[in-house]
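S.K.: Okay, here's the structure, questions in a sec.
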Amino acid sequence: MISNIFTGALTVLVGHQVGKTVLQLKKSPSFTEKNITLLITKRIFFSDPKDVNPGTRIVKEFMAEVRLVGTAHVSAQSIDDVRTAIEEFQPGLVAVELDQGRYKALTKQAKDPTVEDVLEVKNFNQLLVQWLLSYLQRKIGLDIGVEPGAEMKAAIEAAEQRGIPVEMVDRDIRVTLLRFWKSLGFFGKIKMFYALVISIAEVDKVEPADIERLKEDDVLDVIMDEFRKFSPNGARALIDERDAYIAHNLVRLKKEKEGRILAVVGAGHIQGINRYLDNPDSLPSYESLTREPKSFPWGMAFGVVVTFLFVLLLACIAFSGVGLNVLLYAFIFWVVIHGVLAAVATLAVGSHPYTVLACFGVAWMTSLNPLLHVGWIAAFVEAKVRKPPVSDFRRIYQAESITEMIRIPLFRVVLIAAVANLGSLLGTILYFIFLFPVIGVDPVMVISTGMHNMWIWLTGLM
């Protein structure tokens, strides 16, 4: 069991649904119940400015006609609260925590991407995580009888019925996901994926009472603090930056529009948005929140280092005088360990025999090319053989179990790509650990002698 809180789903839209952070809360002094998987959904609705706690004041002097409604994304009560807020506040504009892409998905207007689009993007690990997050959130919603994002949809419908314009004030989900994914780093991604797996395993333990418990005082603050400890960079990309982005849009709308503005946002954003509305000068620049983040290409660097070490190792063996047969064994071991592990990994998740053979045949080559991954080859072959239909996208977001999801051809294509890359990576690590025991030579002697003889040979050429 993981201590403290860990993420199983993050505050992002996943596929066709609107997601909120799902966290695992370990038993602590603040709680008497055993560990449960919690959805960050605290309902905060202030019907009158005088009811607002001074620490979370939502009506500001320079924005006297702006009101925030914090919602629970899988709470039936939040749907009623949003409708009541619109009815009582009578806003001239309703702002919702959506972007255009999520709005179209929520209202069933989005066009499903093609299989070719998936293969072209090639970021299969990120796509797999998005789908699993979507499943996790949908599973919680199904268990308590509320469609995820229903309160946002209710806000839009209620506004349209009254002829009230609606504005999407959240950041493009593609930008958010990109900034989040790049902010995690290698070990952060492993940590987050592990947390996701644990959350999926325990998702059936969530009860409606667990959701309602999040309405208690200070619970949301505790969870948000723990989330920041768990993943500071992830929290910045998914929460803090979006707080600032939404606040930017609310400040802009107040200047451009007349009348009252009602903003419907997730409860996890209330405190951050309030802070920026209280002091708009503290807002980071709009451009800094929307541009593509620049990060060091660790994956590329790792591939270059692996290729260099492999070539250097073979050169040391060749110059050490242990014999060409040892050199040949070292090369064959590279081919076999990468091919076998990549092939077995894909076979374990039900790939087609052609895909298994393709992985075995190319894994050793792709592991030496930083610009190519065996998962790309595996996905291409599997897609060509299985020919997943475009309708698989909707089937993935409608799946009610992991088993059902794995049976969908398109999901399997992405899963196969991810595990093929994982198998190849494991092969690289194990190769450098077990090479010398397998070929039966002393590594110190081979490397030292090989380097010495290589240096003599190189200096002799000068």
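The values are calculated or read from the model by the stated rules, or taken from the named source; none is laboratory data. Quick caveat: nothing in here was measured; it's all calculated off a predicted structure. Don't worry about glycine lacking a Cβ; one is built from the backbone with ideal geometry, like all the others, and counts go over all protein chains shown.
S.K.: Hey, can you tell me all the residues within the stretch 348-377 that are of a type in the set (Gly, Ala, Ser) and surrounded by fewer than 23 Cβ atoms within 10 Å (Cβ to Cβ)? Spell out how you get there, then give the answer.
M.R.: Our first condition is that a residue be of a type in the set (Gly, Ala, Ser); within the stretch 348-377, this holds for 348, 350-351, 358, 361, 363, 367, 375.
Within the stretch 348-377, 348, 350, 361 qualify.
S.K.: Oh, and also: Between a residue in the stretch 172-190 that is on the phi < 0 side of the Ramachandran plot and any residue that is crowded, with 21+ Cβ neighbours inside 10 Å and hydroxyl-bearing (Ser, Thr, Tyr), which pairs come within a Cβ distance under 8 Å, given they are 6 or more apart or on different chains?
M.R.: That search, which allows pairs on different chains as well, returns 184/231; 188/231.
S.K.: How about the stretch 352-398: which of its residues are more than 30 Å from residue 332 (Cα to Cα) and either acidic (Asp, Glu) or in a loop (DSSP other than H, G, I, E, B) (or both)?
M.R.: Let us first name the residues in the stretch 352-398 that are more than 30 Å from residue 332 (Cα to Cα), namely 386-398.
387, 388, 389, 390, 391, 392, listed by residue number.
S.K.: Also: What do you reckon, is residue 358 in contact with a Phe, Trp or Tyr (Cβ under 9 Å, 6 or more places away or on another chain) and over 26 Å from residue 134 (Cβ atoms)? Step through it out loud before you land on a result.
M.R.: On the way: in contact with a Phe, Trp or Tyr (Cβ under 9 Å, 6 or more places away or on another chain): yes; over 26 Å from residue 134 (Cβ atoms): yes.
Against the criterion (in contact with a Phe, Trp or Tyr (Cβ under 9 Å, 6 or more places away or on another chain) and over 26 Å from residue 134 (Cβ atoms)), residue 358 qualifies.
Results for (1) surrounded by 15 or more Cβ atoms within 10 Å (Cβ to Cβ); (2) modelled with pLDDT of 80 or more; (3) over 24 Å from residue 244 (Cα atoms), shown as yes or no for each residue.
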site: 109; (1), (2), (3): no, no, yes
site: 113; (1), (2), (3): no, no, yes
site: 121; (1), (2), (3): no, no, yes
site: 132; (1), (2), (3): yes, yes, yes
site: 146; (1), (2), (3): yes, no, yes
site: 155; (1), (2), (3): yes, yes, no
site: 174; (1), (2), (3): no, yes, no
site: 199; (1), (2), (3): yes, no, yes
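S.K.: While we're looking at this one, here's another question. Looking only at residues in the stretch 381-433 that are among the aromatic types (Phe, Trp, Tyr) and either surrounded by fewer than 22 Cβ atoms within 10 Å (Cβ to Cβ) or out of contact with any Pro (no Cβ under 9 Å at 6 or more places or on another chain) (or both), which one is modelled with the lowest pLDDT? Lay out the reasoning, then the answer.
M.R.: If we filter the stretch 381-433 for residues that are among the aromatic types (Phe, Trp, Tyr), which is where we start, we get 393, 397, 411, 431-432.
Going one step further and asking which of them are either surrounded by fewer than 22 Cβ atoms within 10 Å (Cβ to Cβ) or out of contact with any Pro (no Cβ under 9 Å at 6 or more places or on another chain) (or both), we end up with 397, 431-432.
Numbers: 397: 80, 431: 96, 432: 95.
Filtering first and then ranking leaves 397.
S.K.: OK, next. Would it be correct to say that residue 323 is buried (at least 21 other Cβ atoms within 10 Å of the Cβ), assigned by TED's automatic domain parsing to the domain that holds residue 413 and small (Gly, Ala, Ser)?
M.R.: Values: buried (at least 21 other Cβ atoms within 10 Å of the Cβ): no; assigned by TED's automatic domain parsing to the domain that holds residue 413: yes; small (Gly, Ala, Ser): yes.
Spelling it out, it is not the case that residue 323 is buried (at least 21 other Cβ atoms within 10 Å of the Cβ), assigned by TED's automatic domain parsing to the domain that holds residue 413 and small (Gly, Ala, Ser).
S.K.: If you don't mind, there's one more thing I want to ask. Somewhere in the stretch 243-255, is a residue of a type outside the set (Ser, Thr, Tyr), modelled with pLDDT under 90 and part of a helix (DSSP H, G or I)?
M.R.: Taking the stretch 243-255 as the starting set, the residues that turn out to be of a type outside the set (Ser, Thr, Tyr) are 243-244, 246-255.
Now drop any that are not modelled with pLDDT under 90, which leaves 254-255.
Filter again for part of a helix (DSSP H, G or I), leaving 254-255.
Checking the stretch 243-255: at least one residue is of a type outside the set (Ser, Thr, Tyr), modelled with pLDDT under 90 and part of a helix (DSSP H, G or I).
S.K.: Shifting gears a bit: Scan the stretch 286-337 for residues that are of a type in the set (Val, Ile, Thr) and not in a helix (DSSP H, G or I) and jot them down. Reasoning before the result, please.
M.R.: In the first step, residues of the stretch 286-337 are kept if they are of a type in the set (Val, Ile, Thr); the result is 290, 304-307, 311, 317, 322, 326, 332, 335-337.
322 - this is the single residue of the stretch 286-337 that is of a type in the set (Val, Ile, Thr) and not in a helix (DSSP H, G or I).
S.K.: Quick one: which of 441, 390, 381, 374 is farther than 26 Å from residue 131 by Cβ and of a type in the set (A, V, I, L, M)? Full working, then the answer.
M.R.: Numbers: 390 fails: farther than 26 Å from residue 131 by Cβ; 381 fails: farther than 26 Å from residue 131 by Cβ; 374 fails: farther than 26 Å from residue 131 by Cβ.
Answer to the selection: 441.
S.K.: Quick check, is residue 442 among the charged types (D, E, K, R) and surrounded by 15 or more Cβ atoms within 10 Å (Cβ to Cβ)? Before you say what the answer is, go through the steps one by one.
M.R.: Numbers: among the charged types (D, E, K, R): yes; surrounded by 15 or more Cβ atoms within 10 Å (Cβ to Cβ): no.
No, not satisfied.
S.K.: Taking the stretch 268-316 only, how many residues are in the same structural domain as residue 450 (by TED's automatic domain parsing), more than 27 Å from the chain's Cα centre (by Cα) and of a type outside the set (A, V, I, L, M, F, W, C)?
M.R.: 1
S.K.: Say we look at the stretch 146-179 and pick out the residues that are assigned to a loop (DSSP other than H, G, I, E, B) and within 29 Å of the chain's Cα centre (by Cα); which of these is nearest to residue 66 (Cα to Cα)?
M.R.: Kept after step one, since they are assigned to a loop (DSSP other than H, G, I, E, B), are these residues of the stretch 146-179: 146-149, 162-165, 169-172.
Still in the running and within 29 Å of the chain's Cα centre (by Cα): 146-149, 169-172.
On the way: 146: 28, 147: 28, 148: 26, 149: 22, 169: 14, 170: 16, 171: 20, 172: 23 Å.
This residue is 169.
S.K.: Restricted to the stretch 263-297, and to residues that are touching a residue at least 60 places away in the same chain (Cβ under 8 Å) and out of contact with any helix residue (DSSP H, G or I) (no Cβ under 8 Å at 6 or more places or on another chain), which residue is farthest from residue 70 (Cα to Cα)?
M.R.: 278
S.K.: Collect the residues in the stretch 88-119 that are acidic (Asp, Glu) and outside any loop (DSSP other than H, G, I, E, B), keeping them in residue-number order.
M.R.: Within the stretch 88-119, the subset acidic (Asp, Glu) is 88, 97, 99, 112, 116-117.
The answer is 88, 116, 117.
S.K.: Still on this structure, I have one more. Evaluate the following for residue 340: is it in contact (Cβ under 8 Å) with a residue 60 or more places away in the chain, of a type in the set (A, V, I, L, M, F, W, C), within 17 Å of residue 371 (Cα to Cα) and assigned to a helix (DSSP H, G or I)? I'd like the intermediate steps shown before the answer.
M.R.: On the way: in contact (Cβ under 8 Å) with a residue 60 or more places away in the chain: yes; of a type in the set (A, V, I, L, M, F, W, C): yes; within 17 Å of residue 371 (Cα to Cα): no; assigned to a helix (DSSP H, G or I): yes.
Answer is no for this residue.
S.K.: Please give the helices (runs of 4 or more DSSP H) falling wholly within the stretch 399-462 in which 3 or more residues are over 26 Å from residue 365 (Cβ atoms) and under 22 Å from the mean Cα position of the chain (by Cα). Don't jump to the end; show me each part of the working.
M.R.: Values: elements: 402-406, 409-439, 443-461.
Once the helices (runs of 4 or more DSSP H) in the stretch 399-462 are filtered for at least 3 residues that are over 26 Å from residue 365 (Cβ atoms) and under 22 Å from the mean Cα position of the chain (by Cα), what remains is 402-406, 409-439.
S.K.: Can you pull out the residues in the stretch 359-389 that are over 24 Å from the mean Cα position of the chain (by Cα), of a type in the set (A, V, I, L, M, F, W, C) and within 14 Å of residue 413 (Cα to Cα)?
M.R.: The answer is 359, 381, 385.
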